[in-house]
Amino acid sequence: MKDLVKDRLVTPAVRTVIGDLMRSFAARHRDLLTQRVLRRTALSAGDVAPLLETATVRRGEWRVDPLPEALLERRVELIGGANRSELINGLNAGAKSYIADLWNFTPQDTWSILRAHKSLNGAAHLDLAFLDDREGRVRVNPSTPTRLMMAPRPLFIYEASVMVDDEPVPAGIFDLATALLAHGKVLLQRQGGICLYLRDVQGHLEARLWVRLIEQIEEHLELDRGSVRCTVIIDTIPGALEADEILFELQHHSAGLSLDPQAYAADHIALFHGPDTAVLPDRETIGLNAPFLRALSLNTIGICHRRGCHAMGAPSFMLPSRDLSKIKPEYLEMLADKEREAVDGHDGTLVVHEDMVNASMVEFNKSMPRSHQMGYLRKDEITPAQLIQRPEGAITVESLKSILRTALRSLMQREQGKGWVIQGGRVHDRSSLLLAIRLLWQWNHSKHGNITATNLPVTVDLIKFMLKKEADKMFEVGDPAIRKQVDKAMAYIVEMASSEGVPML
């Protein structure tokens, strides 16, 4: 079955395009990986400053190509996975766009990726259905006004199921070619543009590579330049420092910038750590008001509006209470975040669950009467030091429990082929799991990683002890099959928390 789906998706035409892209850009791709390591090493050593060689770009008065009118109204975009039910619910939820995320919300085994592409093709043609246990056959509303967008996987991981010259293909190239050749023209005709969200773009030269890949596919499909529009998610500190330059490279293909606060915080840990280095506090303390995230948000708005494109807000992960008589404080905080984003000048925001679409829409409707706020030019002077300013706060036992529960639930669900989970009344994606694991790692490796109230160090032994207690509460560990999965998840968490290098997922 897997081979049949692969043959239908990865057609000779797709293989030819992938091969052409690899022969054109494989060497450049390798060079960029080396440059990325050098840049991150310099940042870790304290050289946190904009690039001298791109100063003229930052000072220039250029603007990106105007967006097609059909893409100007974004307001609330829903991001999630790419299986049939996720795509159908996403396109029917009433958001302005649905972003099918092949990285943060999709399992990374080949079968899941192939099925995701198959479902994406059906969704693009508005010909997708599934059988629900309660509602029966559910299908995409054929007249839905919701755009379909895609977040391909980053360029610096690989899709081993497709080889060119005995080398695995970068996953981003695979996703780009497979999706655009299958349904790019259909989306362009129906919604006025082919819309992508790009993750893990850590500098302008990486953005330039994306542009070259996109333009070669546009030429192959005989599309006008700029038919593909990209919103870059700022999820790393290097990307934040080169936000202007990234937009400059994407001038003809840009739809703006967005934020991933959890991935950004996880990248802060990856760059700034050590036995004597101060640590990040409780995960719950690292909200959108945290110094570096607040600076990131305002900086993004200022840059995007100066360059004539959208500044999209951060995803919200807290779910409303099922009991309408009880409103969770965390949910009210999420609504306050959406209100602040609109007042600050964001042109829209992201949510990760259909139940949050209408509430977020209300907050933006109150403060954004027009389709966008690109005419609002902020004058904030955000410095590189502000973009890395560490939040202050405590480390608590409750937060440690919450992190361990997130990691356990996420890893258990991964074994069952799910790319995201609900735990503790909120949605957790890959970035959430990454931040949880890296917090454990940083606390374990720093002399400052102590429980604030008792000064108890967060050690591997403490993590093991608490993992067992939480696992016993969460799962039916008496079942041998579940016990095996739990033991595997716990072993992985301990391995990551105690690893010598920064954990990667």
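The values are calculated or read from the model by the stated rules, or taken from the named source; none is laboratory data. No experiment lies behind these values; they were computed from the predicted model shown. As a convention, Cβ positions derive from the backbone with ideal geometry for all residues, glycine included, and neighbour counts pool all protein chains shown.
Some points to look at:
- Within region 394-405, the set of residues being touching a Ser or Thr at 6+ places or on another chain (Cβ under 6 Å) and surrounded by 16 or more Cβ atoms within 10 Å (Cβ to Cβ) comprises 395 only.
- Those residues of region 123-171 which are buried (at least 16 other Cβ atoms within 10 Å of the Cβ) and charged (D, E, K, R), in sequence order: 147, 153, 159
- Options 186, 201; residue that is in contact (Cβ under 8 Å) with a residue 12 or more places away in the chain and outside any helix (DSSP H, G or I): 201
- Residue within region 408-428 that is touching a Gly at 6+ places or on another chain (Cβ under 7 Å), buried (at least 18 other Cβ atoms within 10 Å of the Cβ) and either modelled with pLDDT under 95 or closer than 25 Å to residue 300 by Cα (or both) present: yes
- Residues in region 128-141 that are assigned to a loop (DSSP other than H, G, I, E, B) and more than 20 Å from residue 79 (Cα to Cα): 133, 134, 135.
- Criterion: closer than 30 Å to residue 402 by Cβ and not hydrophobic (A, V, I, L, M, F, W, C) - qualifying residue of 239, 193: 239
- Here residue 350 meets the list (1) in contact with an Asp or Glu (Cβ under 6 Å, 6 or more places away or on another chain); (2) in a loop (DSSP other than H, G, I, E, B); (3) touching a residue at least 40 places away in the same chain (Cβ under 8 Å) almost entirely, failing just condition (2).
- Residues that are touching an Asp or Glu at 6+ places or on another chain (Cβ under 8 Å) and among the acidic types (Asp, Glu) number at least 1 in the following helices (runs of 4 or more DSSP H) confined to region 206-300: 261-271.
- Residues that are surrounded by 15 or more Cβ atoms within 10 Å (Cβ to Cβ) and without any contact (Cβ under 8 Å) to a residue 60 or more places away in the chain were ranked within region 312-330; the one that is nearest to the chain's Cα centre (by Cα) is 314.
- Those residues of region 89-122 which are more than 19 Å from residue 169 (Cβ to Cβ), crowded, with 22+ Cβ neighbours inside 10 Å and touching a Leu at 6+ places or on another chain (Cβ under 8 Å), in sequence order: 90, 91, 95, 97, 98, 99, 100
- The residues of region 392-437 that are in contact with a strand residue (DSSP E or B) (Cβ under 7 Å, 6 or more places away or on another chain) and within 13 Å of residue 281 (Cα to Cα) amount to a single one, 395.
- Region 336-364, residues that are surrounded by fewer than 19 Cβ atoms within 10 Å (Cβ to Cβ) and of a type in the set (S, T, N, Q): 358
- Here residue 367 meets each of (1) surrounded by 17 or more Cβ atoms within 10 Å (Cβ to Cβ); (2) without any contact (Cβ under 8 Å) to a residue 60 or more places away in the chain; (3) more than 30 Å from residue 110 (Cβ to Cβ); (4) among the polar types (S, T, N, Q) with one exception, condition (1).
- Subset of region 231-247 (residues that are in contact with a His (Cβ under 6 Å, 6 or more places away or on another chain) and either surrounded by fewer than 24 Cβ atoms within 10 Å (Cβ to Cβ) or not assigned by TED's automatic domain parsing to the domain that holds residue 201 (or both)): 245
- Tally, over region 299-334, of residues that are at pLDDT below 95 and within 27 Å of residue 230 (Cα to Cα): 4
- Selection of region 472-489 for residues being farther than 19 Å from residue 431 by Cα, among the aliphatic types (A, V, I, L, M) and surrounded by 11 or more Cβ atoms within 10 Å (Cβ to Cβ) yields 474, 477, 482, 486.
- Within this structure, residue 171 passes the test of being in the same structural domain as residue 16 (by TED's automatic domain parsing), among the small types (Gly, Ala, Ser) and under 20 Å from the mean Cα position of the chain (by Cα).
- Any hit, region 133-144, residues being more than 16 Å from residue 187 (Cβ to Cβ) and of a type in the set (A, V, I, L, M): yes
- Unique match (being closer than 18 Å to residue 118 by Cα, surrounded by fewer than 23 Cβ atoms within 10 Å (Cβ to Cβ) and not β-branched (Val, Ile, Thr)) among 209, 205, 196, 181: 181
- Condition met for residue 462 (in a helix (DSSP H, G or I) and more than 28 Å from the chain's Cα centre (by Cα)): yes
- Taking the conditions (1) in a loop (DSSP other than H, G, I, E, B); (2) hydroxyl-bearing (Ser, Thr, Tyr); (3) over 26 Å from residue 199 (Cα atoms) in turn, residue 371 satisfies each one other than (3).
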